Amino acid sequence: MTRIGLLGAGRIGQVHARAVSSVPNAQLVAIADPMAAAAKAVRDTYGCEIRTIDQILVSDDIDAVIICTPTDTHADLIEQFARARKAIFCEKPVDLDLARVQACLTVVEETQATLMVGFQRRYDPDFQALRAAIDAGQIGDVEMVTLISRDPGAPPYDYIERSGGIFRDMMIHDFDVARWMLGEEVETVQAAASVLTDPEIGNRGDFDSANAILRTASGKQCTITNSRRATFGYDQRIEVHGSGGSVTADNHHQSRITLANGAGYTRAPLLDFFMNRYIAAYAAEIGHFVECVTTGSQPRTSGYDGLMSIALAEAALESVRTGAAVRPADILAGRK
């Protein structure tokens, strides 16, 4: 049994509390959150204790923590719990500053801590099946990847201001999936971004519409499209094209039925929120984390994956600024 402490009882913390409850060999022992009502809600739902982060840090009855606190606390908490010899699952990103991520991962390496970064799309059953088709050679060699991610609406303005922006907060998931599907590191990033849905998003220093083209050294390409507005629901699609065919994962609808009559063909609307779309992925993600804690194996989404996704986000931002293709390797080396 892996005994878990949850840091943060907000929206994503509640998602992970539910995921822990679905894993047979995991137990949510404690919740920590400065908002008493939020912590009490998790306690009452899942039967855990309310403790402070400092108490969880020294608790002998906790083997691992799930970090769902604000982004600017992630790196410090990872380092503290790594030194306390507890396994760590941390929501993305590790930090918005690349140098801070690198310093944090140095501590993780020195302490030999287990660190898993939360990129739930890698654990989604559809995405897993798509990757399995590639690995089985069913589409030949991967040549081009297309990723579409559009939200039904933008998050609150105060969230936008502290999130790091569309590349670090939203497209970061696509950067991780792109690396996974391409099977190679990205050599160059060419990006463009605009404010098309809400001028206030631009006033807050962000974009709401963005595209990126990633290219590997062998010439493989990935095109990513993000938008903060999709009037028809939560738009999540992927296609991988190869030398022998292609494989696609399409959107999830609120129902799988299609109605056909004299008025035409009608399908139910798309799911309208990421927490609905990725319920199974979040559960599988925490299941994998618990397996890693139990067996001592390395997580599929590691601190290195967290580092590379931030490097790609920084390269995209630099490309938007300069209009030129940018090498993530230069970003990692501190060269722009």
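No value in this document is a laboratory result; all are computed from the given coordinates. Predicted, not measured: the structure shown is a model, and the values here were computed from it. No Cβ is skipped: glycine too gets one built from the backbone with ideal geometry, and neighbour counts run over all protein chains shown.
Quick one: work out the % antiparallel among DSSP beta bridges in the chain, nearest 5.
Antiparallel bridges: around 55 percent, rounded to the nearest 5.
In nanometres, what is the gap between the two model label sites at Ala217 and Arg335, each 7 Å from Cα along Cα-to-Cβ?
Result: 1.5 nm between the two label points.
Taking the Cα atoms of the chain alone, what are Rg (to one decimal) and Dmax (as a whole number) in Å?
That works out to 20.2, 67 Å for Rg and Dmax.
How would you rank 240-248, 278-286, highest first, on the average number of other Cβ atoms within 10 Å across their residues?
Peptide ranking by packing, descending: 278-286, 240-248.
Treat each spin label as a single point 7 Å out from the Cα along the C-beta direction, and report the Ser22 to Glu291 distance in nm.
1.5 nm
Could you give the length gained by full extension between Asp72 and Glu184, i.e. 0.36 nm per residue of separation minus their alpha carbon distance, to one decimal place?
Difference between extended and current length: 37.3 nm.
Highest mean first, how do 211-220, 172-181 rank when packing is the count of other Cβ atoms within 10 Å averaged over residues?
In decreasing order of mean packing, 211-220, 172-181 become 172-181, 211-220.
Could you line up Phe274, Phe232 from fewest to most neighbouring Cβ atoms inside 10 Å?
Listing Phe274, Phe232 from fewest to most nearby Cβ atoms yields Phe232, Phe274.
Using label points projected 7 Å from each Cα along Cα→Cβ, tell me how many nm separate Leu196 and Glu161, to one decimal.
The answer from the label model is 2.7 nm.
Taking the 0 to 90 degree range and rounding to the nearest ten, how far is the long axis of helix 279-295 tilted relative to the main principal axis of the chain, both from C-alpha atoms?
Approximately 50 degrees, to the nearest ten.
Can you tell me the 0 to 90 degree angle between the C-alpha axis of helix 98-111 and the longest principal axis of the chain, rounded to 10?
With rounding to tens, the tilt is 50 degrees.
By average Cβ neighbour count within 10 Å, what is the ranking of 78-86, 253-261 from highest down?
The most tightly packed comes first, giving 78-86, 253-261.
For segment 82-210, I need the span (max minus min coordinate) of the C-alpha atoms along each principal axis, in Å, sorted largest to smallest.
For segment 82-210, the Cα extents along the three principal axes come out at 45, 43, 28 Å.
Could you give the angle, 0 to 90 degrees to the nearest 10, between helix 71-83's Cα long axis and the longest principal axis of the Cα atoms of the chain?
That helix lies at roughly 50 degrees to the long axis.
Using alpha-carbon pairs under 8 Å, 6+ residues apart, how would you state the relative contact order of segment 58-186 in percent?
Worked out over segment 58-186, it gives 20 percent.
Return a whole-number percent for the relative contact order of the chain, with Cα pairs under 8 Å and 6 or more residues apart as the contact set.
Relative contact order, the chain: 20 percent.
Residue separation times 0.36 nm, minus the C-alpha to C-alpha distance between Asp97 and Gln298: what's the value?
69.9 nm
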